[in-house]
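The values are calculated or read from the model by the stated rules, or taken from the named source; none is laboratory data. Keep in mind it's a predicted model, so treat the numbers as computed, not measured. Note: ideal-geometry Cβ built from the backbone for every residue, glycine included; neighbour counts use all protein chains shown. Heavy atoms of the whole protein, side chains included, go into the accessibility calculation; ligands, DNA and RNA do not. Shrake-Rupley method; radii C 1.70, N 1.55, O 1.52, S 1.80 Å.
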Amino acid sequence: MRRLLVVLIVAAAALVGGRAYAHHSFAATYLEDQTVSIEGELVQFLFRNPHSFVHVMVKEKDGSMVRYAVEWGGAGQLGGQGVTRETLKPGDHVIISGSPGRNPADHRVRMVTLHRPKDGFGWGKKPGETVD
């Protein structure tokens with residue numbers, strides 16, 4: 001019985017430690033004191049936990065097309081705000097603002113706002129609001 005208890009404690013510690021290790025610091029990945037805006041065609045929406053992702057093809061100033069990975073909230077958080085896996089579809093034209101990734105070559109953004117002009121759908125902070 002005592003041996004089983006030790007095994008369960010070790011397993012629980014490994015699970016908790018693994019989750020803490022897997023969750024990254026936003027400040028380590030993104031420049032939170034800066035804001036960028038990207039506009040383009042949504043190519044993929046990954047609605048999942050712990051973070052959802054939106055992938056957008058963006059036409060750069062030099063004319064090249066670049067795929068950006070935009071990190072968003074988790075499915076549970078977004079669901080509570082009315083966003084579902086059906087909210088965004090490939091082909092949607094979107095305008096996103098957010099914090100740029102620390103490595104520009106990664107083409108990453110942490111989403112602060114999203115706007116879909118065709119129907120006025122919007123998500124994110126309003127002017128004057130702060131974001132957690």
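Among the numbered conditions (1) in contact with a strand residue (DSSP E or B) (Cβ under 8 Å, 6 or more places away or on another chain); (2) open to solvent by 40 Å² or more (accessible area, probe 1.4 Å); (3) touching a residue at least 24 places away in the same chain (Cβ under 8 Å); (4) within 22 Å of Gly120 (Cα to Cα), tell me where Val70 comes up short.
Answer for Val70: the failing condition is (2).
Quick check on Asp92: is it farther than 14 Å from Ser37 by Cβ, at pLDDT 95 or above and among the charged types (D, E, K, R)?
In short, yes.
Of Thr84, Thr113, which residue is at pLDDT 95 or above, of a type in the set (S, T, N, Q) and open to solvent by less than 50 Å² (accessible area, probe 1.4 Å)?
Among Thr84, Thr113, only Thr113 is at pLDDT 95 or above, of a type in the set (S, T, N, Q) and open to solvent by less than 50 Å² (accessible area, probe 1.4 Å).
Kindly provide the set of residues from the stretch 89-101 that are within 16 Å of Val112 (Cα to Cα) and not polar (S, T, N, Q), ordered by number.
Listed by number, the residues that qualify are Val94, Ile95, Ile96, Gly98, Pro100, Gly101.
Tell me, yes or no, whether the stretch 64-79 has at least one residue that is out of contact with any Phe, Trp or Tyr (no Cβ under 6 Å at 6 or more places or on another chain), assigned to a strand (DSSP E or B) and among the β-branched types (Val, Ile, Thr).
Yes, the conditions are met somewhere in the stretch 64-79.
How many residues does the stretch 98-117 hold that are polar (S, T, N, Q) and part of a loop (DSSP other than H, G, I, E, B)?
Counting residues in the stretch 98-117 that are polar (S, T, N, Q) and part of a loop (DSSP other than H, G, I, E, B) gives 1.
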